[in-house]
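Input: a single structure, listed below in structure tokens.
The values are calculated or read from the model by the stated rules, or taken from the named source; none is laboratory data. These numbers were taken from a predicted model, which means no experiment stands behind them. Note that each Cβ is placed from the backbone with ideal geometry, even for glycine, and that neighbours are counted across all protein chains shown. With ligands, DNA and RNA removed, areas are computed over all heavy atoms of the protein, side chains included. Shrake-Rupley method; radii C 1.70, N 1.55, O 1.52, S 1.80 Å.
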Amino acid sequence: MYLLVKSTVLKLFRAPATPPEAPSGSHAQVQVMRAAPSYLRYRLVGLAILASFAALGALGSLVAGIFAPPLLVVTAVIVLVLFPLLGVAYFAVRVDYDLRYYVITDRSVRVREGAWTVQEKTVSFANVQNVRLEQGPLERWFGVSNVRVDTAGGGMAGAGQHAVAVAHGVQLAGLEDAAAIRDLILARTRARADAGLGDQDEPRAATDAARWSPEHVAALHELAGAARALHAAAQGRASGVG
């Protein structure tokens, strides 16, 4: 039943069912990843907890309706409206899991997520500022973690004195081997920096110096000598005045 509804909805909303392509350009390595199956169980348990509270609310209204019959109308509304919404929420969680993809290359990481609104974000390793792990108590129980990749160029949220910095970036949610993925992203970020995208002032200066001709070097020495002579003359004049 789920597969039939999923196929119909994806065709209706023209949502992509295949993995996203790697970012444009040549890549030595391309790795397509999915969230762990335990991440889906974690999301469904959270939904089940919400459904339990809804069921308790409906049961309480039903018991109260024995003594106050108008409350039976409230119970009917809860059953007829809330529980179908829980069914839609279940479908959304399943589709979000099925459409969630992570693409890691040697140059960038791309994340596709979302059920109704499909979002695709790409972060270049040249712009990565921080890579960290995030894990809540329930996620720890299911053995999954999230890898958060922050980049430069964050904005500000709020207004006035209450404005706070908001970092740009992506999140690879629901990974069982999150620590390994974090280390992989950090290693490729360092590799991009070592390849010339980081601070390479000294090697670049040495390369520029090698391009000077002998005539340029002689002219620079002549200018340096003239500057020293002017400095000596200025000091002698100052001594004479004293």
| note | Considering the range 156-181, residues that are at pLDDT 90 or above and open to solvent by 70 Å² or more (accessible area, probe 1.4 Å), and then whichever is nearest to residue 39 (Cα to Cα), we arrive at 176
| request: Could you tell me which of the residues 58, 48, 76 is small (Gly, Ala, Ser), loosely packed, with under 15 Cβ neighbours inside 10 Å and modelled with pLDDT under 75? | output: 76
| How many of the residues making up the range 42-57 are of a type outside the set (A, V, I, L, M, F, W, C) and either more than 22 Å from the chain's Cα centre (by Cα) or in a strand (DSSP E or B) (or both)? | 3
| Can residue 146 be described as open to solvent by 20 Å² or more (accessible area, probe 1.4 Å), farther than 23 Å from residue 6 by Cβ, touching a residue at least 24 places away in the same chain (Cβ under 8 Å) and under 11 Å from the mean Cα position of the chain (by Cα)? | no
| query | Do we have any residue at all in the range 86-99 that's modelled with pLDDT under 85 and not small (Gly, Ala, Ser)? | reply | yes
| Residue count for the range 1-44, restricted to those that are open to solvent by 70 Å² or more (accessible area, probe 1.4 Å) and under 24 Å from residue 185 (Cα atoms) | 11
| said: If residue 32 meets every condition in (1) closer than 29 Å to residue 143 by Cβ; (2) in a helix (DSSP H, G or I) apart from one, which number is that one? | reply: (2)
| Restricting to the range 105-126, what's the tally of residues that are under 12 Å from the mean Cα position of the chain (by Cα) and crowded, with 16+ Cβ neighbours inside 10 Å? | 9
